[in-house]
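Novice: Below is a structure I'd like to ask you about.
The values are calculated or read from the model by the stated rules, or taken from the named source; none is laboratory data. Since the model is a prediction, treat every value here as computed from it, not as a measurement. Here the Cβ positions follow ideal geometry from the backbone for every residue, glycine too, while neighbour counts run over all protein chains shown. All accessible areas refer to the heavy atoms of the entire protein, side chains included, with ligands and DNA or RNA removed. Shrake-Rupley method; radii C 1.70, N 1.55, O 1.52, S 1.80 Å.
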Amino acid sequence: MSREPLALAVLGEGVVDASQPWLHADDAGVLRGRAAFETMRVYAGRPFRLERHLARLVGSAAVLGLPAPDPAALAPLAGQAVEAAAVADCVLRVVWTGGREQDERGVGFALVTALPEGLEQQRGRGLSLASLQLAIGAHARQSSPWLLPGVKSTSYAVNMAAQNEAHRRGADDALFLSAEGIVLEGPTSNVWLREGELLVTPPLDLGILAGVTRDSLLAAAVETGPAVQEQKFGLERLAAADEIFTSSSVREVMPVVVLDGRTVGDGRPGRAAAAMQEALRRAAQTA
Ligand SMILES: Cc1ncc(COP(=O)(O)O)c(C=O)c1O
């Protein structure tokens, strides 16, 4: 499938030609990485939990000190882009940059791209993760807003470099640990473990991103079981779990079968990951 965007809509312009440049070279997002973004899945032509994503975008923009984005303007813009893409299942990004240096207005756009290839094969096979130190204490991260804990900014070079390092170690993805060895999150996902009938995911006060998928899974687990708790845990507890999986908007629920080169559980994608994936799809259908 072509990696060209399927559609682009720019605030104040509407749907535009995605093959043309639409940002200025002095945009704060380009020059300083000062931009917030959201990525979500579109199911059957409908972005999943768009309002929730736009609310998180507003929060990210506030921490970054950007002009406030207006969800009432961005939601229809996202709708236009999805409609122009005319593909039922795809990826929608809503991006809000600081705009040009000389003016105070932000720049917003909605970009629609194809789903990455091979997701279902990966789900069937399971992921391998490599744990990497973030070299910062969980408490320092949480009490230092300038480190952007829980903010989805386009300054994701550290996250992408961590993924590169994980690949270099022969793993599919990275898993961040705090300086104290507390399990945090992946570069683009939240993490979960299963011990018997209990699901556990790290709490938001660690400064991790409040994943929209994480939130959907917590709600699904509370509604239908299994028991779920938000708890801090270290690598040893994670490695000894019966099952590990990650959650994120595009890749949804991904089983993890290898952690730092060691087999997780019985080495196969687990039943909780399958049940949570099913619950997520059900929620997407009824949203
Ligand atoms: C650092 C980080 N954690 C968690 C997530 C998962 O969030 P969501 O479920 O909202 O996609 C993401 C998504 O990209 C992320 O970048």
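Novice: For region 182-197, enumerate the residues that are more than 21 Å from residue 40 (Cα to Cα) and in a strand (DSSP E or B).
Specialist: Across region 182-197, the qualifying residues are 182, 183, 193, 194, 195.
Novice: Specify the residue that is nearest to the chain's Cα centre (by Cα); the eligible residues are those in region 29-48 that are at pLDDT 95 or above and among the aliphatic types (A, V, I, L, M).
Specialist: It comes out as 40.
Novice: Enumerate the helices (runs of 4 or more DSSP H) found wholly within region 1-101, keeping only those where 3 or more residues are closer than 24 Å to residue 210 by Cα and either free of Cβ contacts under 8 Å to residues at least 40 places away in the same chain or away from the ligand (no atom under 16 Å from the Cβ) (or both).
Specialist: Filter on region 1-101 gives 50-64, 71-85.
Novice: Name the one entry in 210, 219 that is modelled with pLDDT of 95 or more, assigned to a helix (DSSP H, G or I) and open to solvent by 30 Å² or more (accessible area, probe 1.4 Å).
Specialist: None of the others qualify; the one that does is 219.
Novice: Let me spell it out: the conditions are (1) assigned to a helix (DSSP H, G or I); (2) at pLDDT 95 or above; (3) out of contact with any strand residue (DSSP E or B) (no Cβ under 7 Å at 6 or more places or on another chain), and residue 139 meets all of them except one. Which number is the exception?
Specialist: All conditions are met except number (2).
Novice: Quick check, is residue 148 farther than 22 Å from residue 268 by Cβ and either surrounded by 14 or more Cβ atoms within 10 Å (Cβ to Cβ) or touching a Phe, Trp or Tyr at 6+ places or on another chain (Cβ under 6 Å) (or both)?
Specialist: In short, yes.
Novice: Next question. Give 261, 265 a once-over and let me know the one that is within 20 Å of residue 278 (Cβ to Cβ) and either surrounded by fewer than 16 Cβ atoms within 10 Å (Cβ to Cβ) or at pLDDT 95 or above (or both).
Specialist: Working: 261 fails: within 20 Å of residue 278 (Cβ to Cβ).
Exactly one of 261, 265 is within 20 Å of residue 278 (Cβ to Cβ) and either surrounded by fewer than 16 Cβ atoms within 10 Å (Cβ to Cβ) or at pLDDT 95 or above (or both), namely 265.
Novice: Going residue by residue through region 278-287, is there one that turns out to be open to solvent by 30 Å² or more (accessible area, probe 1.4 Å), in a loop (DSSP other than H, G, I, E, B), at pLDDT below 95 and hydrophobic (A, V, I, L, M, F, W, C)?
Specialist: yes
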